[in-house]
1. For region 211-219, just list the computed ³J(HN,Hα) in residue order, Karplus coefficients 6.51, -1.76 and 1.60, θ = phi - 60°, integers in Hz, with x standing in for Gly and Pro.
2. Does region 42-166 come out rounded, prolate or oblate by the C-alpha gyration tensor, with a ≥ b ≥ c the root eigenvalues, rounded set by a/c under 1.5 and, if not, prolate when a/b is larger than b/c and oblate if not?
3. Find the centroid of the Cα atoms in region 57-88 and in region 1-30, then give the distance between the two in whole Å.
4. So for the pair F26, L242, with labels modelled 7 Å out along Cα→Cβ, what separation do we get in nm?
5. Could you list K45, K202, K228 so that the one with the fewest beta carbons within 10 Å of its beta carbon is first and the one with the most is last?
6. Which aspartates and glutamates have a Cα less than 16 Å from the Cα of K228, not counting those fewer than 8 places away in the same chain?
7. If the elastic network links every pair of Cα atoms under 10 Å, which of N130, N186, N159 fluctuates the most in the Gaussian network model of the chain?
8. Which residues in region 104-133 have a backbone N closer than 13 Å to a point placed 7 Å from the Cα of D93 along the Cα-to-Cβ line?
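Any read-out appearing in this document is the output of simple, stated calculations on the displayed coordinates, not a laboratory observation. All values derive from a computational prediction rather than experimental measurement. Heads up, the Cβs are rebuilt from the backbone with ideal geometry, glycines too, and the neighbour counts pull from every protein chain shown.
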Amino acid sequence: MAKTPATPHHIAIVMDGNGRWATRRFLPRVAGHKQGVEALRRCVKACADRGVGVLTVFAFSSENWNRPVEEVSGLMDLMVGALGREVPRLRDDGVRLHFVGERGGLSEKMTAGLVQAEAATAHNTRLIFNVCFNYGGRWDIARAAATLAERGELPTEANLDRAMALAHVPDPDLFIRTGGEQRLSNFLLWQSAYAELVFSDKLWPEFDEAALDEAIGAFQRRERRYGKTSAQVSTDTERSRLPA
Ligand code: IPE
Ligand code: IPE
Ligand code: MG
């Protein structure tokens, strides 16, 4: 009997292409980011509806500080505004929020908003939603190593894993990047070791349920071998179907 392919438990997304979406419409880049928030709201709902357990998105990278001042402040304002508007709905929809990234350097208003949003949704279990803001994969690894050094623990894989910013969730199964670029841009470098990478040409504001389903479909057609041969993987799958 053919087995129904599994829905990825953890999806990570580099939400790229907001600026191009706006520029193509002769709008300021911030208008693209605003539209990106709409796309994200749809995506969170779609993931929860499909039984995805964890969604992790890249909202602002450590390197995005290098953008023009107006764009950076526009993004900060958008984040503060979105926290105020979106959190009550997320709380009622069973979504648990986590903000992942360096909080030093963010405004007090923003930091307070992040803490409040996490507290307001802490009891939820339907979908874990990690928003990476002022995040970089190298920052994450270096910080975990520093934490271990402070505690006098050895930098083993297991210890590093426990000290990383996403220690509360398993590694991503599916890593999606929209906007047509095929690079990681310093997102989840450690955690994506065995994620399936799917690149979509859609700009993030246009990424809808159909595009999500397409990415999930591509994931389901992949064979995850983790270093084994294809024959071994098939035998493992057969075995896992036998009664224990
Ligand atoms: C991604 O969209 C959002 C952030 C980096 C904050 P971009 O702003 O990078 O959009 P493009 O790549 O310029 O189109
Ligand atoms: C990655 O997109 C960061 C986010 C989506 C938040 P960028 O647009 O900043 O990446 P590069 O600069 O094209 O690599
Ligand atoms: Mg970009």
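1. Result, ordered by residue: 5, 5, 5, 5, 5, 5, x, 4, 4 Hz.
2. Numbers: a/c = 1.94, a/b = 1.21, b/c = 1.60.
Judged from the Cα gyration tensor, region 42-166 comes out oblate (a/c at least 1.5, b/c at or above a/b).
3. 17 Å
4. Placing both labels 7 Å beyond Cα along the Cβ direction yields 6.9 nm.
5. Working: K45 16, K202 19, K228 13.
Exposure proxy ranking, most exposed first: K228, K45, K202.
6. List returned: E196, D236, E238.
7. Maximum among the listed residues: N159.
8. From region 104-133, the list is 126-130.
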